[in-house]
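In what follows, a structure is listed as structure tokens, so that the remarks can point back to it.
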Amino acid sequence: MQSQLSSDNITTTMDLCDNLNSLKPTKLDYFDNMFALELSSFLDDDYRWALVLDSTIFHPQGGGQPCDVGMISAIQSSPDSPRFCFIVQDVKSKNGIVFHYGFFEISEPINVELGVPVSLSIDEPRRKLNSRLHSAGHLLDVCMRDVGLGHLEPGKAYHFPDGPYVEYKGSVPQEELQSKQKELEQEANNCISRGGKISAAILPYEEACKLCGGCLPDYISKESTPRIVKIGDNPGCPCGGTHVSDISEILSITVSQLRSKKGVTKVFYNVGS
């Protein structure tokens with residue numbers, strides 16, 4: 001997959017503060033195909049500390065999901081084409097522009113010219129694990145309603161492998177915590193065994209609102225076109241992350257702890273391997 005880069009879209013990491021406003025937002029190709037693992041794009045930055053592309057499949061850290069890591073390599077269109085391999089260690093989004101941070105495999109300075117075609121590849125096992133953890137978090141939201149905890153309002157989510165959890169505003173009586181934990185885990189695994197398609201689409205506000213049960217969070221502008229993710233036949237939710245294509249790909253969920261304290265309830269979980 002290739003996309004064209006406009007010639008007026010160039011910067012360096014050392015002068016980003018001066019030129020950031022001239023950059024166009026990075027196209028997030030995983031929005032169109034969140035299961036893609038490789039594509040070709042065109043480089044939009046010379047070598048300093050980061051590379052900026054016109055489009056990317058790298059998920060930047062955000063929304064409770066860690067970033068993708070991987071590699072950006074020059075495509076050899078002719079014998080004289082530049083050769084380089086850039087190891088991506090961190091990815092962040094600032095004002096719609098995605099920055100790929102890392103280092104070149106060789107230590108000599110490299111001048112990357114505008115319009116050089118590059119191939120992007122991400123760490124596939126890491127992406128799949130992050131997608132399963134993220135999808136599991138959304139599935140738990142659904143199951144919370146099914147086990148009688150629908151009165152809790154979703155809050156923060158942390159879908160990192162070192163301790164994933166979802167947080168809700170509201171309390172669960174202490175005497176119910178253990179039984180609800182078991183019910184929640186059982187319901188989640190029942191959903192996984194049944195399976196169901198997970199899909200994502202960028203929609204007009206009114207259509208997105210309808211798909212999410214009639215309302216969207218206040219932070220989403222009515223002039224926007226939010227990306228809505230649906231977990232099976234359940235109401236959708238706004239989300240910019242990556243997910244598995246079917247609920248069954250989560251494999252299993254273990255709810256390690258259900259904790260309620262000071263008006264906040266946290267569900268700590270993990271997914272099977």
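Hey, any hits in segment 220-237 for a residue that's open to solvent by 40 Å² or more (accessible area, probe 1.4 Å) and within 22 Å of residue 128 (Cα to Cα)? Yes.
Report yes if residue 249 is assigned to a helix (DSSP H, G or I), within 20 Å of the chain's Cα centre (by Cα) and touching a residue at least 60 places away in the same chain (Cβ under 8 Å), otherwise no. The answer is yes for residue 249.
Set side by side, the residues 113, 108, 167, 175 differ, and just one is over 27 Å from the mean Cα position of the chain (by Cα), modelled with pLDDT of 95 or more and not β-branched (Val, Ile, Thr), which is 175.
For residue 240, the requirement of being of a type in the set (Gly, Ala, Ser), open to solvent by 20 Å² or more (accessible area, probe 1.4 Å), without any contact (Cβ under 8 Å) to a residue 60 or more places away in the chain and outside any helix (DSSP H, G or I) is not met.
Cβ separations smaller than 9 Å between residues 6+ apart or across chains give the following pairs from segment 213-225 residues that are within 17 Å of residue 153 (Cα to Cα) to residues that are open to solvent by 100 Å² or more (accessible area, probe 1.4 Å): 216/222. Among the residues of segment 189-206, write down those that are in contact (Cβ under 8 Å) with a residue 24 or more places away in the chain and either among the aromatic types (Phe, Trp, Tyr) or at positive phi (or both). 195, 196, listed by residue number. Go through the residues of segment 129-151 one by one and say whether even a single one is surrounded by fewer than 18 Cβ atoms within 10 Å (Cβ to Cβ) and under 18 Å from residue 261 (Cβ atoms). Yes, segment 129-151 contains a residue that is surrounded by fewer than 18 Cβ atoms within 10 Å (Cβ to Cβ) and under 18 Å from residue 261 (Cβ atoms). For segment 253-273, a residue qualifies if it is among the polar types (S, T, N, Q) and open to solvent by 40 Å² or more (accessible area, probe 1.4 Å), and the qualifying residues are 254, 256, 257, 270, 273.
Okay, residues lined up against (1) at pLDDT 95 or above; (2) open to solvent by less than 40 Å² (accessible area, probe 1.4 Å); (3) out of contact with any strand residue (DSSP E or B) (no Cβ under 7 Å at 6 or more places or on another chain); (4) within 28 Å of residue 271 (Cα to Cα):
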| position | (1), (2), (3), (4) |
| --- | --- |
| 183 | yes, no, yes, yes |
| 187 | yes, no, yes, yes |
| 193 | yes, no, yes, yes |
| 196 | yes, yes, no, yes |
| 200 | no, yes, no, yes |
| 215 | no, no, yes, no |
| 218 | no, no, yes, no |
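The values are calculated or read from the model by the stated rules, or taken from the named source; none is laboratory data. Here the structure is a predicted model, which is why all the values come from computation and not from measurement. All Cβ positions, even for glycine, are placed from backbone atoms using ideal geometry, and neighbour counts span all protein chains on display. Protein only, heavy atoms only, side chains kept; ligands, DNA and RNA dropped before computing areas. Shrake-Rupley method; radii C 1.70, N 1.55, O 1.52, S 1.80 Å.
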